[in-house]
Amino acid sequence: MEEKKNIPYKIYLEESEMPTQWYNVRADMPTKPAPLLNPATMQPLKAEELEPIFCKELIKQELDNDTKFIDIPDEVLSFYKMYRPSPLVHAEFLEKALGTPAKIFYKFEGNNTSGSHKLNSAIAQVYYAKKQGLKGVTTETGAGQWGTALSMACQYFGLDCQVYMVKCSYEQKPFRREVMRTYGAKVTPSPSNTTEVGRKILAEHPGTTGSLGCAISEAVEAAVTQEGYRYELGSVLNQVLLHQTIIGLEVQKACKKYGIKPDILIGCTGGGSNLGGFATPFIGEMLRGEADYKIIAAEPASCPSFTKGKFAYDFCDTGRICPLAKMYTLGSQFIPSANHAGGLRFHGMSTILSQLYHDGVFECRAVEQTEVFKAAVTFARAEGILPAPESSHAIKIAIDEALKCKETGEEKTIIFNLSGTGYFDLVAYGKYNDGVMTDGIPTENELEQYFAQLPKAE
Ligand SMILES: *Cc1c(COP(=O)(O)O)cnc(C)c1O
């Protein structure tokens, strides 16, 4: 047995230890994720058909089910150095607060201005857009982290950035909007009357506070109708999970360096990018029969794609102009209740994670937002960092697991991904502190009505 090194509170890898390749879990999956379909023909999309929407190199990554490791370009690695390697923190103050024998660690991805892991993919996507000679990119943002990350990346590489921001976030988070504008982005509340699809959604649902699905439709339309522009998405896509594996690869290296053997790995899931990036390097070990871990996805009870959704082909956007993806979905017309403040509002899920979940590789638990904020406050008071509401779904499950260990006396090692910080989520924290936070959980009947509108495809 190798001797265990004394584990510091914060494990920082050296800059020279930063991974130089991303890991593509599809290469190790016995059942590959189902291909994207062209909604007009119901046939798998070919690279050429995606070219009006995405950059060529990113399409290659999107469709690549075979290459296990993909080199991270030097320009991207150079940018990563500004905020990576990110620390793996031994949450000893949280352990003490809970009185648990469990060992709890968290990977902290909030240590950059976007406040989240999203910058890991934004910088890669904008790099490929720049390399292709494009003028700019369009995107949607919900809570605002992705829009901020993309603004930062565009500013770095000198590209124009147009962000469609879900209207309720635009109104609730004016500061987030100003960060994006500071980095030079143009920010439009969605649905807007600047696009055809936006005008249509406004006519059908007057007064809507918007959804990620609506904003995606608008951003895609804006990309395909302007020359030299492409669309970039901050989650869900295979390419995004690929870029995010820098998180899990760093965790693996840090664990190896200090002899840490995780039993349980936890991440929250909106579209699946932080859990995918954090966990797929470990899932790869499972698929290759090298190790076994318990992996838990944490999702909101108010947007329960995995636990209540159907595994079916569906549109990725409300406007139904995007390709069809086979995923766990609540239906493309599903919009989470307006009192849901905790992010993770997307109706669908990564096709990679959907297939892995379908194959029983990991489990998922849905949690209610009042419990999530309670866990967030426990964590903030113990460990000092004010967590993003999204990340707090993972914290809630980590605390549950640590408390189970307290009952059984087991010293399990739990690692969760702290995907970001919550300094722009203070309206939501305010509701929790005032005791007026509620949960808006969809009923089976409501969901049935959305499932009835799923496209027919197999
Ligand atoms: C966007 C975001 C998420 C959810 O998206 P995933 O693609 O599921 O990771 C989670 N946490 C933070 C901090 C985010 O910004």
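The values are calculated or read from the model by the stated rules, or taken from the named source; none is laboratory data. Source: prediction; values computed, not measured. Because the Cβ atoms are built from the backbone with ideal geometry, glycine has one as well, and the counts that use them run over all protein chains shown. Just the protein is used for accessible areas: all its heavy atoms, side chains included, with ligands, DNA and RNA removed. Shrake-Rupley method; radii C 1.70, N 1.55, O 1.52, S 1.80 Å.
Just a few scattered comments:
- Karplus-derived HN-Hα couplings along segment 344-350 (A = 6.51, B = -1.76, C = 1.60, θ = phi - 60°), whole Hz, x at Gly and Pro: 6, 9, 6, 6, x, 6, 3
- Rounded to 5, the percent of DSSP beta bridges in segment 250-389 classed as antiparallel: 40
- Prolate/oblate/rounded call for segment 308-377, Cα gyration tensor, a/c under 1.5 rounded: oblate
- Karplus (6.51, -1.76, 1.60) ³J(HN,Hα), θ = phi - 60°, over segment 91-108, in Hz, Gly and Pro reported as x: 7, 5, 6, 5, 4, 5, 4, 8, x, 9, x, 5, 9, 10, 10, 9, 8, 9
- By accessible area with a 1.4 Å probe, ligands and nucleic acids excluded, highest first: order of TYR183, TYR450: TYR183, TYR450
- Segment 227-273 versus segment 293-351: alpha-carbon centroid distance in Å: 18
- In order along segment 355-370, phi translates into HN-Hα couplings of 5, 5, 5, 4, 7, x, 6, 9, 10, 9, 10, 9, 10, 8, 5, 5 Hz, rounded to whole numbers, per the Karplus curve 6.51 cos²θ - 1.76 cosθ + 1.60 with θ = phi - 60° and x for Gly and Pro.
- Cβ-isolated cysteines (cut-off 4.7 Å), the chain: CYS55, CYS168, CYS214, CYS255, CYS268, CYS303, CYS364, CYS405
- Check: the chain dipole with +1 on Lys, Arg Cβ and -1 on Asp, Glu Cβ, in debye: 560
- Rounded, prolate or oblate (a/c below 1.5 giving rounded, otherwise prolate when a/b exceeds b/c) for segment 104-230 by Cα gyration tensor: oblate
- 5 angstrom amide H check on VAL367, placed H, neighbours 5+ away: GLU299, ALA301
- Look at the alpha carbon pairs under 8 Å that are at least 6 residues apart: their mean separation over the length of segment 179-248 gives a relative contact order of 21 percent.
- Across segment 335-458, Cα pairs under 8 Å and at least six residues apart give a relative contact order of 31 percent.
- Coil-residue chymotrypsin sites (Phe, Trp or Tyr not before Pro) of segment 330-427, DSSP, other Cβ within 10 Å capped at 15: TYR423
- Measuring nothing but how far apart in sequence close Cα pairs (under 8 Å, 6+ apart) lie, relative to its length, segment 132-186 scores a relative contact order of 42 percent.
- Share, in percent, of DSSP beta bridges within the chain that are antiparallel, nearest 5: 35
- Principal semi-axes in Å for the chain [√(5λ), Cα gyration tensor, largest first]: 32, 25, 22
- Here segment 378-441 exposes an accessible surface that is 51 percent carbon and sulfur, computed with a 1.4 Å probe and the other protein chains kept in place.
- Checking the Cα-Cα distances for LYS103/LYS256; LYS60/LYS310; LYS56/LYS186 against a 22 Å cut-off, the pairs over it are LYS60/LYS310; LYS56/LYS186.
- Counting protein heavy atoms only, segment 1-118 has 51 percent of its accessible area on carbon and sulfur, 1.4 angstrom probe.
- Between TYR83, ASN38, CYS55, the Cα set farthest toward the positive side of the dipole of segment 1-158 (charges on each charged residue's Cβ, about the Cα centre) is that of TYR83.
- Solvent-accessible surface of the chain, taken per residue with a 1.4 Å probe and all protein chains present: 38 Å².
- Charge dipole of segment 1-157 (Cα centre as origin; +1 on each Lys and Arg Cβ, -1 on each Asp and Glu Cβ, all else neutral): 280 debye, rounded to the nearest 20.
- Rounded Å value of the spacing that divides the Cα centres of segment 140-157 and segment 32-79: 21
- For segment 290-405, a crude dipole built from +1 on the beta carbon of Lys and Arg and -1 on the beta carbon of Asp and Glu, taken about the Cα centre, is about 320 debye to the nearest 20.
- Against the chain, whose longest principal axis is taken from its Cα atoms, helix 273-287 shows a tilt of about 60°.
- Here is how the number arises for the chain: DSSP H runs of 4 or more residues each give -39500 (n - 2.57), the sum is divided by the residue count, and the result at 222 nm is -12000 deg cm²/dmol.
- The Cα atoms of segment 340-458 give a gyration tensor whose axes a ≥ b ≥ c have a/c of 1.5 or more with a/b no greater than b/c, which makes the shape oblate.
- Amide H contacts of GLN21: ILE72, each under 5 Å away and 5 or more positions distant or on a separate chain (H built 1.01 Å from N in the peptide plane; Pro and chain starts excluded).
- Distant-in-sequence amide contacts of VAL187, defined by a placed amide H-H separation under 5 Å and a gap of 5 or more residues or a different chain, comprise VAL163.
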